[in-house]
Amino acid sequence: MRVRDVIERRLREGLTPERLEIVDESARHAGHAGARPEGETHFRVTVVSAAFAGLGRLERQRRVHALLADLLRERVHALALVCRAPGEP
């Protein structure tokens with residue numbers, strides 16, 4: 001299974017997002033530290049979920065990291081996150 005698909009499944013199950021965008025930016029980082037020839041190492045993720053209501057930026061990111069912990073240790077080198085509650089700009 002592709003890393004992107006695993007990220008999507010875990011975030012959908014763990015956060016029930018209203019909006020979820022996952023962009024594989026690995027090609028932009030070819031040759032950089034942590035990049036692998038097969039890709040799927042650098043991702044940009046936007047999540048809008050009611051689960052983030054009342055939480056600060058750091059706690060929101062911690063929740064995402066907890067859902068993806070093994071991927072961040074083994075497969076994903078970089079994860080750029082935008083985590084918002086519904087109605088936030």
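A few notes on this one:
- Between helix 57-67 and the chain: long-axis angle, C-alpha atoms, 0 to 90°, nearest 10: 60 degrees
- Fraction of antiparallel bridges per DSSP, the chain only, in percent to nearest 5: 45 percent
- The residue among A27, F43, Q61 whose Cα reaches farthest toward the positive pole of the charge dipole of the chain, with charges on the beta-carbon of Lys, Arg, Asp and Glu, is Q61.
- Only Lys, Arg (+1) and Asp, Glu (-1) charged, at Cβ; the chain dipole about Cα centre in debye: 160 debye
- With respect to the chain, whose longest principal axis is taken over its alpha-carbon atoms, helix 3-15 is tilted by about 10°.
- Read-out Cα Rg over 2.2 N^0.38 Å, derived from the coordinates shown; its label in (i) 1.08; (ii) 0.99; (iii) 1.67: (i)
- The chain - mean residue ellipticity at 222 nm from DSSP helices (-39,500 (n - 2.57) per run, n ≥ 4, rounded to 500): -10000 deg cm²/dmol
- In nm, spacing of pseudo-spin labels at A27 and L72 (7 Å Cα→C-beta vector): 2.7 nm
- Taking the chain and dividing mean pair separation by its residue count, relative contact order in percent (alpha carbons under 8 Å, at least six apart): 33 percent
- Residues whose amide H falls under 5 Å from that of E25, counting only those 5 or more places apart or on a different chain, are H42, F43, R44, with hydrogens built in the peptide plane.
Values quoted throughout were computed directly from the atomic coordinates according to the rules given, and no laboratory measurement underlies them. This structure is a prediction, so every number in the text was calculated from the model and none was measured. We place every Cβ from the backbone using ideal geometry, glycine too, and count neighbours over all the protein chains shown.
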